[in-house]
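Just below is one structure, and these are the notes that go with it.
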Amino acid sequence: MSLEPGEEATEPSPQISLILPCYNEAEAIPYTFPQLANAFREAGHRLELIGVDNGSSDETGARLQELRDQGSPVVPVKVEVNQGYGFGLLSGIPHARAPWIGFLPADGQVDAEDVVRLYEALAPCRSNTMGKVRRRFRMDGPSRKLISIAYNALVWSLFPGLGSIDVNGTPKILHRETLERMQLESKQWFLDPEILIKAYYMKVQVLEMNAFARMRGTGLSHVRASTCWEFFRQLLKFRFTGYLDPWRASL
């Protein structure tokens, strides 16, 4: 079909949008973003990558724009002042166009091919299904593994039947309608448990896939000791204070 003068060819809408908050990830972006783009293209899926420069002080924004200029399916989003991992992720949601929306860090700890496998398992499912990775094989030190086990055990004791034994495992992929109903608000690292807790109350089925989790290849982890206290405080608030009652009444 030929175009009339003045008309422009329009690209098909993406099938999945992946949001990657990037805080000082200039070293990782040239590897993780192309790997994801190539893996989805080779599998025949239309991908949109929302790269959120989450108040970075390095060349994160420039790296994202370079990929965009090179024709990669990257949508750069700028957050002027870092307010946390969750805020960066939430800032990317309004820019996502696909029916399925996923979240993951930009550190490349989960192979791009595993992200594709998760999407392919989830795509035929109903909109009230969420897909996520369970980091079954993790290259962490003994202390971090112990903290992770204790943390997940605490979450399960407060919210039995949550549907996952790796609460913070990413990527997480949800249907746009489900995501909108969740009304997510956590600006820090608690966004991951908030998603699962709200999925639990919404009776969303959780499809969990085992995946190998690598150590970071570049850059630094931005998780701090204060994160443990934040998780503990927020878990107690969500479970015992009635904080979620207005949201649950709106469902």
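Please count how many residues of the stretch 54-71 are out of contact with any Phe, Trp or Tyr (no Cβ under 6 Å at 6 or more places or on another chain), outside any helix (DSSP H, G or I) and surrounded by 19 or more Cβ atoms within 10 Å (Cβ to Cβ). Result for the stretch 54-71: 1. Among the residues of the stretch 164-186, those that are outside any strand (DSSP E or B) and over 17 Å from L251 (Cβ atoms) comprise S164, I165, D166, V167, N168, G169, T170, P171, S186.
This table checks each residue for (1) touching a residue at least 12 places away in the same chain (Cβ under 8 Å); (2) over 20 Å from F212 (Cα atoms); (3) touching a His at 6+ places or on another chain (Cβ under 6 Å); (4) of a type in the set (D, E, K, R).
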{"position": "G108", "(1), (2), (3), (4)": "yes, no, no, no"}
{"position": "T129", "(1), (2), (3), (4)": "yes, yes, no, no"}
{"position": "L162", "(1), (2), (3), (4)": "yes, yes, no, no"}
{"position": "E177", "(1), (2), (3), (4)": "yes, yes, no, yes"}
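Of all residues in the stretch 19-47, those that are hydroxyl-bearing (S, T, Y) and under 16 Å from R68 (Cβ atoms) total 1. Inside the stretch 24-52, residues that are outside any helix (DSSP H, G or I), closer than 25 Å to G84 by Cβ and of a type outside the set (A, V, I, L, M, F, W, C) make up a count of 5.
If we scan the stretch 205-213, do we find a residue that is modelled with pLDDT of 95 or more, in contact with a strand residue (DSSP E or B) (Cβ under 8 Å, 6 or more places away or on another chain) and either within 21 Å of G86 (Cα to Cα) or assigned to a helix (DSSP H, G or I) (or both)? Within the stretch 205-213, one or more residues are modelled with pLDDT of 95 or more, in contact with a strand residue (DSSP E or B) (Cβ under 8 Å, 6 or more places away or on another chain) and either within 21 Å of G86 (Cα to Cα) or assigned to a helix (DSSP H, G or I) (or both). The residue of the stretch 96-127 that is surrounded by the fewest Cβ atoms within 10 Å (Cβ to Cβ), among those that are out of contact with any helix residue (DSSP H, G or I) (no Cβ under 6 Å at 6 or more places or on another chain) and closer than 20 Å to Q183 by Cα, is R126. What single numbered condition from (1) over 13 Å from the mean Cα position of the chain (by Cα); (2) surrounded by fewer than 23 Cβ atoms within 10 Å (Cβ to Cβ) fails to hold for I93? Only one criterion in (1) over 13 Å from the mean Cα position of the chain (by Cα); (2) surrounded by fewer than 23 Cβ atoms within 10 Å (Cβ to Cβ) is unmet by I93, namely (1).
Scan the stretch 214-251 residue by residue and report those that are at positive phi and either at pLDDT below 95 or of a type outside the set (G, A, S) (or both). Break it down into steps so the answer makes sense when it comes.
Within the stretch 214-251, the subset at positive phi is 219, 242.
Correct list: G219 only.
When the residues of the stretch 141-163 are filtered to those that are surrounded by fewer than 14 Cβ atoms within 10 Å (Cβ to Cβ) and part of a loop (DSSP other than H, G, I, E, B), the one that is modelled with the lowest pLDDT is G141.
Quick one: would you say V77 is assigned to a loop (DSSP other than H, G, I, E, B), free of Cβ contacts under 8 Å to residues at least 60 places away in the same chain and aliphatic (A, V, I, L, M)?
no
The values are calculated or read from the model by the stated rules, or taken from the named source; none is laboratory data. All values derive from a computational prediction rather than experimental measurement. With ideal geometry, Cβ positions are generated from the backbone for all residues, glycine too; neighbour counts draw on all protein chains shown.
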